[in-house]
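K.L.:
Mind looking over this structure? Questions follow.
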Amino acid sequence: MTYQSLQEMMVATAEAVRPPERLNVWQAAEKYRYLNNPGAYVGPYKADVTPYLKEPMEVLNSLDHTGMVFVGPAQSAKSEMATSWLAWSAICDPADMMHIDKSQTEARDWYNRRVSKMYRDTPAVKDRLIPGQKGESTYISKFLSGMLYTIGWPSAKLVSGKPIGRLWMPDYDRGPDDVDGEGSLYDLAVQRMKTFGRFGMAAAESSPSRDIENPKWMPKTKHEAPPTTGILALYNRGDRRRFYWLCDDCNEVFEPDFTNMDWDHRAETIMDKAESVYMCCPSCGSIYTD
């Protein structure tokens, strides 16, 4: 690229050698990101709104792990982890990233609905893009630091042969089990980041949708997921963390399971019953309605 002045050249050079900022992913999101979703939420990113995303986002820049698999329901802000990870990478610790969506159509939609809006609403990221049309397009973003952010879809040609340190795979269960006969997308992604050792990270997220292979299955270990393919199979390969609540009254942790829910049995209609549902702490019986 060409520079208009010596000052612009010096700024670009300084960006390339700037040391990492010591923040984890959600801390960087709180410091730099601004969300502009009219009708839903407009304002600074607040990690406490989705506390169950904090630990997974901490794993994304942890040197103790090289993979992060998140299983959660639809519309639980899973995509915010991906955009926050991109923002953290661009601002705090630049390194090449790849987002591998389910199809070319979904990849284009990801850029239009998520990435371009994040650039627009997060000046600290936008300012680090190479200025002009050379810096940003639908499938590739180029940063002053030298970092490349690419958006693609499952194909052995796309994923193989490219050493990339950070890879994100959304809606994993809606993608193929086998990519062009070369294995699972996640395992192909892991091969791409092996060059980076403990500095690499392959991340996948999805709500589970695959059939359980054995309907009579019973868990043998704590937090074990049913035998199936897709995201739950990846989850079973890891350390199997789950989100627990901390009771405000007795300080005991518990899992917010359906077995701990109750409602007003005197309510007359099903809607009244639904509105009266609450969660009970199994240790002390404290009631949570929000």
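K.L.:
Order Asp173, Asp180, most accessible first, counting only protein heavy atoms with a 1.4 angstrom probe. Provide the component values of the computation, followed by the final result.
P.N.:
Working: Asp173 10, Asp180 110 Å².
In descending accessible area the options line up as Asp180, Asp173.
K.L.:
For the chain, list the cysteines whose Cβ sits under 4.7 Å from no other cysteine Cβ?
P.N.:
Here Cys92, Cys280 come out as lacking a disulfide-compatible partner, given the Cβ-Cβ threshold of under 4.7 Å.
K.L.:
Would you mind getting me the FRET efficiency between Asp290 and Leu158? Use the beta-carbon distance for r and R0 = 35 Å, nearest 0.05.
P.N.:
The pair Asp290/Leu158 has a calculated efficiency of 0.20.
K.L.:
Right, here's the next one. Rounding to the nearest 20 debye, state how big the charge dipole of the stretch 48-197 is about its Cα centre with +1 on each Lys and Arg Cβ and -1 on each Asp and Glu Cβ.
P.N.:
About 620 debye.
K.L.:
When 1/r is averaged over all different Cα pairs and the result inverted, which Kirkwood radius in Å belongs to the chain?
P.N.:
About 21.1 Å, per the Kirkwood formula over Cα pairs.
K.L.:
Hey, got the dipole for the chain? About the Cα centre, +1 on K and R Cβ, -1 on D and E Cβ, debye to the nearest 20?
P.N.:
Dipole about the Cα centre, nearest 20: 1160 debye.
K.L.:
Follow-up. Kindly provide the pair-distance distribution of the stretch 75-158 built from C-alpha pairs, with 10 Å bins from 0 and whole-percent values in order of increasing distance.
P.N.:
Pair shares across the bins are 18, 55, 25, 2.
K.L.:
Which whole-Hz couplings ³J(HN,Hα) result when phi for each residue of the stretch 222-228 is put into the Karplus expression 6.51 cos²θ - 1.76 cosθ + 1.60, θ = phi - 60°, listed in order with x for Gly and Pro?
P.N.:
5, 6, 5, 8, x, x, 6
K.L.:
I've got another one for you. Given a Förster distance of 22 angstrom, what is the FRET efficiency for Asp177 paired with Asn214, based on the Cβ-Cβ distance and rounded to 0.05?
P.N.:
Efficiency for this residue pair is about 0.80.
K.L.:
Rounded to the nearest 500, what is the 222 nm mean residue ellipticity of the chain from helices alone, with -39500 (n - 2.57) per DSSP H run of 4+ residues and division by all residues?
P.N.:
Details: 11 runs with 82 residues, N = 290.
For the chain, the value works out to -7500 deg cm²/dmol.
K.L.:
Explain nothing, just the number: relative contact order of the stretch 60-193, from Cα pairs under 8 Å at least 6 residues apart, as a whole percent.
P.N.:
Worked out over the stretch 60-193, it gives 27 percent.
K.L.:
Another question about this same structure. When the chain is fully extended, how far beyond the present Cα-Cα distance does Ile130 get from Gln191, taking 0.36 nm per residue of separation?
P.N.:
19.0 nm
K.L.:
For Glu268 and Phe243, calculate 0.36 nm times their separation in residues minus their Cα-Cα distance, and state this gained length in nm to one decimal.
P.N.:
On the way: separation 25, 0.36 × 25 = 9.00 nm, distance 3.36 nm.
Gain in length upon complete extension: 5.6 nm.
K.L.:
Right, here's the next one. Could you calculate the contour length gain from Glu58 to Glu275, that is, 0.36 nm times the residue separation minus the distance between their Cα atoms, to one decimal place in nm?
P.N.:
Length gained between Glu58 and Glu275: 74.7 nm.
K.L.:
Residues of the stretch 182-251: accessible area per residue at 1.4 Å, in Å²?
P.N.:
Working: 4360 Å² over 70 residues.
That works out to 62 Å² for each residue.
K.L.:
Quick one: which residues, 5 or more positions from Asp96 or on another chain, have an amide H under 5 Å from its amide H? H modelled 1.01 Å from N in the peptide plane, none for Pro or chain starts.
P.N.:
Answer set, sorted by chain and number: Leu148, Gly165.
K.L.:
Where a ≥ b ≥ c are the square roots of the eigenvalues of the C-alpha gyration tensor, would you call the stretch 61-206 rounded, which needs a/c under 1.5, or, failing that, prolate if a/b is larger than b/c, or oblate? Don't skip to the answer; put the middle values down first.
P.N.:
On the way: a/c = 1.44, a/b = 1.31, b/c = 1.10.
Verdict is rounded for the stretch 61-206.
The values are calculated or read from the model by the stated rules, or taken from the named source; none is laboratory data. Only a predicted model underlies this, so the values are computations on that prediction, with no experimental measurement involved. For neighbour counting, all protein chains shown are included, and Cβ atoms are generated from backbone atoms with ideal geometry for every residue, glycine included. Calculation scope for accessible area: heavy atoms of the full protein, side chains included, ligands and nucleic acids excluded. Shrake-Rupley method; radii C 1.70, N 1.55, O 1.52, S 1.80 Å.
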